[in-house]
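Notes follow the structure.
The values are calculated or read from the model by the stated rules, or taken from the named source; none is laboratory data. Since the structure is predicted, the reported quantities are computational estimates derived from the model, not experimental observations. Every residue, glycine as well, gets a Cβ built from its backbone with ideal geometry; the counts of neighbours run over all protein chains shown. Just so you know, the surface numbers come from the protein's heavy atoms only, side chains and all, with ligands and any DNA or RNA stripped out. Shrake-Rupley method; radii C 1.70, N 1.55, O 1.52, S 1.80 Å.
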Amino acid sequence: MFSLSKLSPSITDMIRFDHSHVLVTFHQYTGTAKTSVKKALAETICDALEIHATLEEEIFYPVMRRLDDSPVLQKSEPEHMEMRRFIDELRQTKASDARHDELMHELMRDVMHHVADEETVLLPQAERLLGKDRLSELGAQMTSRRIELLKPKAGKIARNTAVGFSGSTTAIVVGLAGALMAARFVSRHTPELSSRH
Ligand SMILES: [Fe+2]
Ligand SMILES: [Fe+2]
């Protein structure tokens with residue numbers, strides 16, 4: 001039976017996109033940035049990581065566990081817990097404090113390592129073992145759960161994104177990447193639209 005969820009981007013593409021968003025935001029965090037910008041960037045990263053980790057734990061990891069409970073998968077949730085400890089401490093630290101920079105760098109070092117494992121082991125494995133339709137169905141599940149998780153934080157995320165990216169070309173790049181992904185998705189799945197052009 002035709003299902004709209006099969007038109008969704010795959011869960012693996014969504015996970016990769018979340019990773020890129022966090023890394024791009026981190027690259028804006030420089031030692032010379034204003035404290036208000038540092039705090040906004042840190043908050044954007046913390047919120048994005050919390051939502052991403054919850055989505056993986058609730059939707060992606062359980063599916064992968066049923067396929068192959070690999071060592072990389074087994075250390076994924078403990079690594080998320082470690083990341084949450086850094087996030088708690090970061091939130092309690094003033095951006096004017098040198099410890100804020102240290103914590104940010106420690107958190108991102110852990111995140112980069114974790115992301116590398118996911119992108120070189122778990123995501124390719126998911127794409128090998130799950131069909132295209134299943135990956136899209138899981139992508140659709142991820143989107144509806146993401147909307148629920150974003151709702152209570154939407155205002156705060158919008159404010160921090162605006163302050164963190166103020167005067168930065170990155171906002172344009174991230175916006176453009178999102179728009180391109182959406183355009184690719186629409187043209188791929190709407191033949192009557194693409195044939196008109
Ligand atoms: Fe993860
Ligand atoms: Fe991830």
Criterion violated by D68 - all others in (1) away from ligand 2 (no atom under 16 Å from the Cβ); (2) within 28 Å of A162 (Cβ to Cβ) satisfied: (2)
Only listed residue being within 14 Å of ligand 2 (Cβ to nearest atom), touching a residue at least 24 places away in the same chain (Cβ under 8 Å) and touching a Phe, Trp or Tyr at 6+ places or on another chain (Cβ under 9 Å), chosen from I51, I45: I45
Have a look at E57, E43 and point out the one that is more than 14 Å from ligand 1 (Cβ to nearest atom) and either in a helix (DSSP H, G or I) or surrounded by fewer than 21 Cβ atoms within 10 Å (Cβ to Cβ) (or both). E43
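Condition first: within 12 Å of ligand 1 (Cβ to nearest atom) and open to solvent by 50 Å² or more (accessible area, probe 1.4 Å). Now tell me which residues in region 60-78 satisfy that. Lay out the reasoning, then the answer.
Initially, region 60-78 is screened for residues within 12 Å of ligand 1 (Cβ to nearest atom), giving 60-61, 64, 72-73, 75-78.
Selection gives K75, E77, P78.
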Provide a single number: the residues in region 73-100 that are out of contact with any helix residue (DSSP H, G or I) (no Cβ under 8 Å at 6 or more places or on another chain), assigned to a helix (DSSP H, G or I) and under 30 Å from K34 (Cβ atoms). 4
Condition test on A116, is it in a loop (DSSP other than H, G, I, E, B) and within 27 Å of E43 (Cβ to Cβ)? no
Residues within region 113-132 that are in contact (Cβ under 8 Å) with a residue 60 or more places away in the chain, more than 18 Å from P9 (Cβ to Cβ) and open to solvent by 80 Å² or more (accessible area, probe 1.4 Å), tallied: 1
Go through region 22-40 and count every residue that is part of a loop (DSSP other than H, G, I, E, B) and within 17 Å of E106 (Cα to Cα). 4
Report whether or not T12 is hydroxyl-bearing (S, T, Y) and either within 16 Å of ligand 1 (Cβ to nearest atom) or open to solvent by less than 10 Å² (accessible area, probe 1.4 Å) (or both). yes
